[in-house]
1. Starting from 0.36 nm per residue, how many nanometres of slack lie between residue 92 and residue 125 once their C-alpha separation is accounted for?
2. On a full-extension model of 0.36 nm per residue, what is the gain between residue 118 and residue 45, subtracting their alpha-carbon distance, rounded to one decimal in nm?
3. Quick check: residue separation of residue 11 and residue 138 times 0.36 nm, minus the Cα distance between them. What number comes out in nm?
4. Do the sum for the chain: with -39,500 (n - 2.57) for every DSSP H run of n ≥ 4, divided by all residues, what is the mean residue ellipticity at 222 nm, to the nearest 500 deg cm²/dmol?
5. Give the order of 31, 67, 102, 43 when sorted by the count of other beta carbons within 10 angstrom, beginning with the fewest.
6. What is the packing order of peptides 108-120, 80-92, taking the mean over residues of other C-beta atoms within 10 Å and listing the highest first?
Amino acid sequence: MTEFIANESNIEEVGQKIADSMVEIIASGGRAKIVVTKQGVKRSLSQNALQHSIYGELSKYLIARGRKDCSPEWIKKMLKNKYLGWTQDSFTDVLTGEVTHREVLRSSSSLEVGEATIYTTQILEFADTIGCEIRIPAKCDYRSMMEIQCE
């Protein structure tokens, strides 16, 4: 995935880079998908609550089918691994000051609104692939974001 950050001073340059990337993908027989999000706006409490509700529903679904190890916390960890990936974090030894770097799961709390919408869509699609039907509340930030995209 290629990410471009646009602002007033580079919008034409970013537009050209996006167009070039699309041409390259399509020329190789692929299809391009563009997602535009507002940078810097953190995910909402509503988005967080929906994600945790989905973890709970997936847990119940899988436990009912014999997967006793699938707690909501385990589901969250596995889905973060699958869709959010890993990032490097620094840890400092309190006594020696020695700094070590380790790979850690990317935190879902650090997601921006658009990223949280994409992540929620991914976990809903995963639920669908295993036959777990998740109902989305009529009034929630995720539904609002999806409606904006469909306009």
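1. Details: separation 33, 0.36 × 33 = 11.88 nm, distance 3.86 nm.
That pair, residue 92 and residue 125, stretches by 8.0 nm at full extension.
2. Working it through step by step, the gained length comes to 24.7 nm.
3. Values: separation 127, 0.36 × 127 = 45.72 nm, distance 3.54 nm.
That works out to 42.2 nm of additional length.
4. Details: 5 runs with 72 residues, N = 151.
After summing the helix terms and dividing by residue count, I get -15500 deg cm²/dmol.
5. Working: 31 7, 67 14, 102 10, 43 23.
In increasing order of surrounding Cβ atoms, one gets 31, 102, 67, 43.
6. Numbers: 108-120: 18.6, 80-92: 12.3.
Taking the mean over residues of other Cβ atoms within 10 Å, the ranking is 108-120, 80-92.
Readers should treat all values here as calculations from the given coordinates under stated rules, not as data from a laboratory. The model shown is predicted, which means the values in this text are computed figures rather than measured ones. Reconstructed Cβ throughout: ideal geometry from the backbone, glycine too, with neighbour counts over all protein chains shown.
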